[in-house]
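Q: Starting off with a structure, shown below.
The values are calculated or read from the model by the stated rules, or taken from the named source; none is laboratory data. Keep in mind the model is a prediction, meaning the values are calculated, not measured. Cβ placement follows ideal geometry from the backbone for every residue including glycine, while neighbour counts extend to all protein chains displayed. Calculation scope for accessible area: heavy atoms of the full protein, side chains included, ligands and nucleic acids excluded. Shrake-Rupley method; radii C 1.70, N 1.55, O 1.52, S 1.80 Å.
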Amino acid sequence: MTQETEGKRAATSTLWDRTRQLAAQEILLTALRLFTQQGYDETTIAQIAREAGVSQRTLFRYFGTKEDLVAGSEERFVTLLTETVRNQPADVSAWNALRASFKAALSLHSSREEALERLRLVHHTGSLRAAYLGKRVRCQEELLPLLEARLAPSGTGRGQTRAIVATAFACFDAATVEWLEGDGQGEILDLYDQGLAAVRG
């Protein structure tokens, strides 16, 4: 294969990827608009697909479930948090490793406005809130062995590690709620730092 052919393939692949990203973004923006205007439970997949100008089959190719349009893929979320913690240098504390994972999770939002819309929906829609809590429990369980290994040299036991993880997630949730109540003013991580500092004394 010549360099010219490889270059054409690379360019085609890049264009295809960009087209897919734009299509997914259009579907997402349409869904968020409809969810905000008329409610999550009242909005159907058929309506989202119709207004986004795609088939339902195409929509599900980009987003596996209706919930994924708001909260994102559970697998992607869990993998992002665990890999972020796993890749932190050995001298990074458990608290800072968890903070880095929350920062990575927040980076999934393309803008402050999108984050505000999505997080409002999650926290104010019963079914989405329940799904998030289930996702959170799974994250905590998958993070536990990673942080247990990180804390082992200090003699911190499994029960104490579990408490650290639960505390960090509780502070992150509290910060998110405060950020929503403030209409998106400030930064969630700053609020998280303040809350965690209060808990740790």
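Q: Report the one residue of Gln25, Leu180, Val78 whose Cα lies farthest in the direction of the positive end of the charge dipole of the chain (charges on C-beta: Lys and Arg +1, Asp and Glu -1; origin at the Cα centre).
A: Value: Val78.
Q: Starting from the residue with the highest accessible area, list Arg138, Arg57, Arg162, Arg76 in decreasing order, probe 1.4 Å.
A: Values: Arg138 65, Arg57 190, Arg162 95, Arg76 150 Å².
From most accessible down to least: Arg57, Arg76, Arg162, Arg138.
Q: Return one quarter of the surface area of the convex hull spanned by the alpha-carbon atoms of segment 88-201, equal to its mean projected area, in nm². Don't skip to the end; give the middle numbers.
A: Values: hull surface 29.8 nm².
That works out to 7.5 nm², a quarter of the Cα hull's surface.
Q: Averaging the inverse of every distinct alpha carbon separation and then flipping it gives the Kirkwood radius. What is it for the chain, in angstrom units? Don't skip to the end; give the middle numbers.
A: Details: mean 1/r = 0.0529 Å⁻¹.
Evaluated over the chain, this radius sits at 18.9 Å.
Q: Another question about this same structure. Please report the relative contact order for the chain, taking Cα pairs under 8 Å with a sequence separation of at least 6, and give it as a percent rounded to a whole number. Present the calculation step by step, with values, prior to reporting the outcome.
A: On the way: 145 pairs, mean separation 34.1, N = 201.
It comes to 17 percent, rounded to a whole number.
Q: Could you state how much accessible area Arg129 has, in square angstrom rounded to the nearest 10, with a 1.4 Å probe and all protein chains kept in place?
A: Only protein atoms counted, so the area is about 70 Å².
Q: Take every Cα-Cα pair in segment 136-188 and report what % of them are more than 18 Å apart.
A: Working: 592 of 1378 pairs.
Here the long-distance tail beyond 18 Å is 43 percent of all Cα pairs in segment 136-188.
Q: Then there is this: Please work out the C-alpha center-to-center distance from segment 35-114 to segment 144-201 and express it in whole Å.
A: Value for the Cα centre distance between the two parts: 20 Å.
Q: Probe 1.4 Å, all protein chains in place: accessible area of Ser107 in Å², nearest 10?
A: Solvent-accessible area, nearest 10 Å²: 80 Å².
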